[in-house]
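Step one of this worksheet: look at the structure below.
What follows draws every value from the coordinates through simple rules; no lab data is involved. Just so we're clear, the structure is a prediction, and the values are computed from it rather than from any experiment. Every residue, glycine among them, receives a Cβ derived from its backbone with ideal geometry; neighbour counts consider all protein chains shown.
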Amino acid sequence: NIDKTAPTAPTGIESSATMNSITVTASGGTDSISGVAGYQYSTNGTSWTETIKEGESYTFSGIKAGTEVTIYAKTVDNAGQISTEYQEIVNTTGVEENVTLTSSIPEGTWTNGNITVTLSYGSIPSGYELQYKVGSGNWIAGTSVTVAQNNTTVTGRLYNTTLDDEIAVNSVTITNIDKTAPTAPTGIESSAT
């Protein structure tokens with residue numbers, strides 16, 4: 001029951017990804033003496049999980065959306081020896097649409113009042129919230145904002161505070177507010193009979 005030979009490295013990693021997590025299962029590692037106990041996983045090649053039994057999966061969470069991640073795996077045998085590493089690149093999923101910004105007065109229709117811009121998004125992912133900012137101002141959580149001046153840009157996004165993750169960014173510039181009265185006539189032409 002002495003095994004001084006390290007196992008072979010995994011030959012593949014099956015993975016499935018969500019917006020903020022990647023679930024992995026390594027396979028293909030062999031050990032002809034004591035047998036394969038399982039696999040260890042890492043996303044940076046330095047911090048490794050405990051040994052996950054062969055055939056069981058491991059989930060990395062807290063990853064930003066639409067991120068490319070290198071997954072590392074090592075085979076561990078029943079004597080505690082560890083193989084060289086195998087690596088594969090996996091991407092978390094992104095979003096297919098951007099935040100929708102709807103103006104209360106359609107573009108091309110002039111108004112002398114304020115315009116409300118409403119933010120919406122089909123199905124907001126767990127952990128994210130709608131935020132907006134006016135011009136270069138600060139981000140504010142909310143679904144509507146009142147614009148009082150022409151040529152004002154409103155930007156919307158989905159934001160995850162925990163992950164500092166910004167996705168689905170979109171913006172609209174309001175160009176149809178006119179609060180300035182016209183000038184008075186400078187003369188009246190008339191013809192009398």
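A cut-off under 14 angstrom between Cβ atoms defines the neighbours of Ser47, and their net charge, with Lys, Arg +1 and Asp, Glu -1, is -1.
Scaling against 2.2 N^0.38 Å puts the C-alpha radius of gyration of the range 45-117 at 2.17. Among Ala168, Ala79, Ala65, the largest mean-square fluctuation in a Gaussian network model of the chain, built with springs joining Cα atoms closer than 10 Å, belongs to Ala79.
In the frame of its principal axes, the range 106-185 has Cα extents of 59, 23, 14 Å, reported largest first.
Within the listed set Asn170, Asn44, Asn98, the Gaussian network model of the chain (springs between alpha-carbon atoms below 10 Å) gives the highest mean-square fluctuation for Asn44. A cut-off of 5 Å between modelled amide H atoms, ignoring neighbours fewer than 5 places along the same chain, links Thr175 with Asn151. Summarising the amide proton neighbourhood of Gly29: residues at separation of 5 or more, or on other chains, whose placed amide H is nearer than 5 Å comprise Thr11. Normalised by the number of residues in the chain, the mean separation of alpha-carbon contacts (under 8 Å, six or more apart) gives a relative contact order of 17 percent. Of the residues Asn20, Asn151, Asn138, the one that moves most in a GNM of the chain with alpha-carbon contacts below 10 Å is Asn138. With K and R counted +1 and D and E -1, the other residues having a Cβ less than 15 Å from that of Trp139 yield a net charge of -2. On a per residue basis, the convex hull of the C-alpha atoms belonging to the chain measures out at 146 Å³.
Other residues within the sphere of radius under 15 Å centred on the Cβ of Val169, judged by their own Cβ, net out at -3 (K and R +1, D and E -1). Its relative contact order, with pairs defined as Cα atoms under 8 Å and 6+ residues apart, puts the range 1-113 at 30 percent.
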